[in-house]
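Only the coordinates and a few stated rules stand behind these numbers; no lab work does. Computed from a predicted structure; not experimentally measured. Note that each Cβ is placed from the backbone with ideal geometry, even for glycine, and that neighbours are counted across all protein chains shown.
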Amino acid sequence: MTLAGLVGLVFGLTGRADPLFTFPLEIRGHTLRVEVAGTEAERRLGLMHRRSLGEDQGMVFTYDKPGPQAMWMRNTLIPLSVAFVGADGRILNIEDMLPLTEDVHASKGNAAWSIEANVGWFRKRGIRPGDRVKGLAALPANR
């Protein structure tokens, strides 16, 4: 079986990316390995029902076009931080989110991506709005 066939099989069986298929993003010299949520179904599911997330792991949500974006934590068990990122690759704002809540956390501007990581991941590394995220161009296109 080809690699493309194997990837298709994984997506087809699970309905989402396998956590083993991750991509590195770099912010201020720190690397975060992310799963990609590039379809409507993957974005809707996000990190719901997960019981843990590795220290330098996360998820990036890709959108068809930049616009106002928002997140909530329904069925999400892990406290997370989300960084909303503009089309220029710069962080617009970062919000901390409590598990199992439906509070809306919105982008402060048009976001092309949202990046979720363990709560405090960005703060602990001195990452703040205006910082550039490297590696976004290498992510797979929306499916």
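Some observations on this one:
- Sequence-distant aspartates and glutamates (8 or more away, or on other chains) whose Cα lies within less than 18 Å of Lys124: Glu26, Glu55, Asp56, Glu95, Asp96, Glu116
- Calculated from backbone phi, Karplus (6.51, -1.76, 1.60) coupling profile of segment 129-137 in Hz, x at Gly/Pro: x, x, 5, 8, 9, 9, x, 5, 5
- Cα gyration tensor, segment 44-92 - rounded (a/c under 1.5), prolate or oblate: prolate
- Pairwise label distance in nanometres, His49 with Thr101, each label 7 Å out on the Cα-Cβ vector: 2.4 nm
- In this label model, Trp72 and Arg28 are separated by 3.1 nm, measuring between points 7 Å along each Cα→Cβ vector.
- Cα gyration tensor shape for segment 19-136, rounded if a/c is under 1.5, else prolate or oblate: rounded
- Near Leu80, the amide H atoms lying under 5 Å from its own belong to Met97, Val119; only residues 5 or more places off or on other chains count, and H is placed 1.01 Å from N.
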